[in-house]
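To start, the structure under review is shown below, and the notes come after it.
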Amino acid sequence: MTERPTACLVLADGTVFYGKGFGATGQTVAELCFNTAMTGYQEIMTDPSYAGQVVTFTFPHIGNTGITAEDDETADPVAAGMIVKWDPTEPSNWRMEQNLTTWLSARGRIGMGGVDTRRLTRAIRQQGAPHVCLSYDPKGNFDIEAMLKEARAWQGLEGLDLAREVTCAQSYRWNEMGWSWPEGYSKRTGTGPKVVAIDYGAKRNILRCLASAGCDVTVMPARTTAEEILAQNPDGVFLSNGPGDPAATGEYAVPMIRAILEKDLPVFGICLGHQMLALALGAKTVKMNHGHHGANHPVKDLETGKVEITSMNHGFTVDSQTLPDDVLETHVSLFDGSNCGIRVKDRPIFSVQHHPEASPGPQDSYYLFERFAAAMATR
């Protein structure tokens, strides 16, 4: 007798996928994306940029390294759920503290295995990132019509400010540096350029990279004003990654950024921070068909000709055709030519779409943190 499915995924176009549930039971509505990374499923699930999204993993061996608290990018999983080809692999890793299924269950996140993820990924690429309803019921009872109605009724990420939901509640200092063998994480000591990092959904490894580059880091909430930032007397301002529509978050972030740009301060942005810096400079952002999510994306530095393999996670992009004359496009995706970096002429103000903190991913772009630190030192 065929085993009854215990999980169901309903796309807004009416397509239905059945599979085997794991993690937390229940139901959620979100946008569906796919990620091509071969490592780092824990870092992906805890990346605040995935708020409002269910992640399809194209790599089949999910669960094989278990879960290690040190690898969390924020305190809890932020992605709404995960879709995988096979049931989670039995973990084998000397750093493991618990398995993936137990962790998801304890953190209220739904998993679904036994899915043809190649077919699902093709659907996302061809039709765009769909709105979906994901359900896990151990008894296998699913009201498809009701799930379809929920998927179609979901408002989507356009116009949605999710940064306010994932930002920190209050300011704090950060001094933890990158992980290294055999010490693990070490603490930064001594003085260094003072950086105010605005948290729109900042990953911990971004903050570690700033500390490793010699920065004295103070993290402040998304709605912090320019006056509150300048009261810290910073040497530079960092704009973090985050989820949602940059235009929505930009309603309060862009005026702050513009006020900072009037000062003689180095500014560095990543992902959502990059998009909102572009908005503050006069450009526009647009929703992508299916976005970029993975750890193997080739990006070309137009100023040096160098190609870097990067980590990416974004569903919106800067429209390079709308960049003002005093802003240069510095990086482009070699997958589709979309914008991946900008800088202001003759000023230490720059940003990138990709994730140079590489968690997970390659470390080709770490030099950007050192460039930011050098710009502050020069100032």
Is it the case, given these coordinates, that residue 320 is touching an Asp or Glu at 6+ places or on another chain (Cβ under 6 Å) and under 21 Å from residue 375 (Cβ atoms)?
no
Consider the range 209-219. How many of its residues are more than 25 Å from residue 40 (Cα to Cα), open to solvent by 10 Å² or more (accessible area, probe 1.4 Å) and not in a loop (DSSP other than H, G, I, E, B)?
2
Is it the case, given these coordinates, that residue 259 is surrounded by fewer than 20 Cβ atoms within 10 Å (Cβ to Cβ), of a type in the set (Gly, Ala, Ser) and out of contact with any Gly (no Cβ under 7 Å at 6 or more places or on another chain)?
yes
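Can you go through 158, 183 and tell me which one is among the acidic types (Asp, Glu) and out of contact with any strand residue (DSSP E or B) (no Cβ under 6 Å at 6 or more places or on another chain)? Show your work before the answer.
On the way: 158 fails: out of contact with any strand residue (DSSP E or B) (no Cβ under 6 Å at 6 or more places or on another chain).
Unique residue meeting the criteria: 183.
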Which residue out of 36, 25 is at pLDDT 95 or above, open to solvent by 30 Å² or more (accessible area, probe 1.4 Å) and within 25 Å of residue 122 (Cβ to Cβ)?
36
Name every residue in the range 186-208 that is open to solvent by 50 Å² or more (accessible area, probe 1.4 Å), in contact (Cβ under 8 Å) with a residue 24 or more places away in the chain and in a loop (DSSP other than H, G, I, E, B), in order of residue number.
191
Return the total of residues in the range 1-33 being within 18 Å of residue 137 (Cα to Cα), touching a helix residue (DSSP H, G or I) at 6+ places or on another chain (Cβ under 9 Å), among the polar types (S, T, N, Q) and outside any strand (DSSP E or B).
1
Just the residues that are closer than 11 Å to residue 174 by Cα and β-branched (Val, Ile, Thr), please, taken from the range 207-225.
217, 218, 219
Criterion first (without any contact (Cβ under 8 Å) to a residue 40 or more places away in the chain and surrounded by fewer than 17 Cβ atoms within 10 Å (Cβ to Cβ)) does residue 325 satisfy it?
yes
Tabulated pairs, the range 148-172, first more than 15 Å from residue 30 (Cβ to Cβ), second open to solvent by less than 30 Å² (accessible area, probe 1.4 Å) and among the polar types (S, T, N, Q), C-beta under 7 angstrom, 6+ apart or interchain
161/249; 163/249; 171/218
Polar (S, T, N, Q) and open to solvent by less than 30 Å² (accessible area, probe 1.4 Å): which single residue out of 56, 65 fits that description?
56
Scan the range 2-12 and give yes if some residue there is open to solvent by less than 30 Å² (accessible area, probe 1.4 Å), of a type in the set (Ser, Thr, Tyr), out of contact with any Leu (no Cβ under 9 Å at 6 or more places or on another chain) and farther than 20 Å from residue 245 by Cα, otherwise no.
yes
Based on this model, can you work out whether residue 249 counts as under 30 Å from residue 82 (Cβ atoms), of a type in the set (S, T, N, Q), modelled with pLDDT of 95 or more and touching an Asp or Glu at 6+ places or on another chain (Cβ under 6 Å)?
yes
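Considering the range 111-131 alone, what residues qualify as being in contact with a strand residue (DSSP E or B) (Cβ under 8 Å, 6 or more places away or on another chain) and of a type in the set (Lys, Arg)?
125
Residue-by-condition table, conditions (1) modelled with pLDDT under 95; (2) more than 19 Å from residue 247 (Cβ to Cβ); (3) in contact with a Pro (Cβ under 6 Å, 6 or more places away or on another chain):
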| site | (1), (2), (3) |
| --- | --- |
| 270 | no, no, no |
| 273 | no, no, no |
| 278 | no, no, no |
| 284 | no, no, no |
| 291 | no, no, no |
| 342 | no, no, no |
| 350 | no, yes, no |
| 378 | yes, yes, no |
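Among the residues of the range 266-293, how many are part of a loop (DSSP other than H, G, I, E, B), at negative phi and either free of Cβ contacts under 8 Å to residues at least 60 places away in the same chain or surrounded by fewer than 21 Cβ atoms within 10 Å (Cβ to Cβ) (or both)?
Residues in the range 266-293 being part of a loop (DSSP other than H, G, I, E, B), at negative phi and either free of Cβ contacts under 8 Å to residues at least 60 places away in the same chain or surrounded by fewer than 21 Cβ atoms within 10 Å (Cβ to Cβ) (or both): 1 in total.
The values are calculated or read from the model by the stated rules, or taken from the named source; none is laboratory data. Please read all numbers here as calculations on a predicted model, not as lab measurements. Don't worry about glycine lacking a Cβ; one is built from the backbone with ideal geometry, like all the others, and counts go over all protein chains shown. SASA here: full protein model, heavy atoms, side chains in, ligands and nucleic acids out. Shrake-Rupley method; radii C 1.70, N 1.55, O 1.52, S 1.80 Å.
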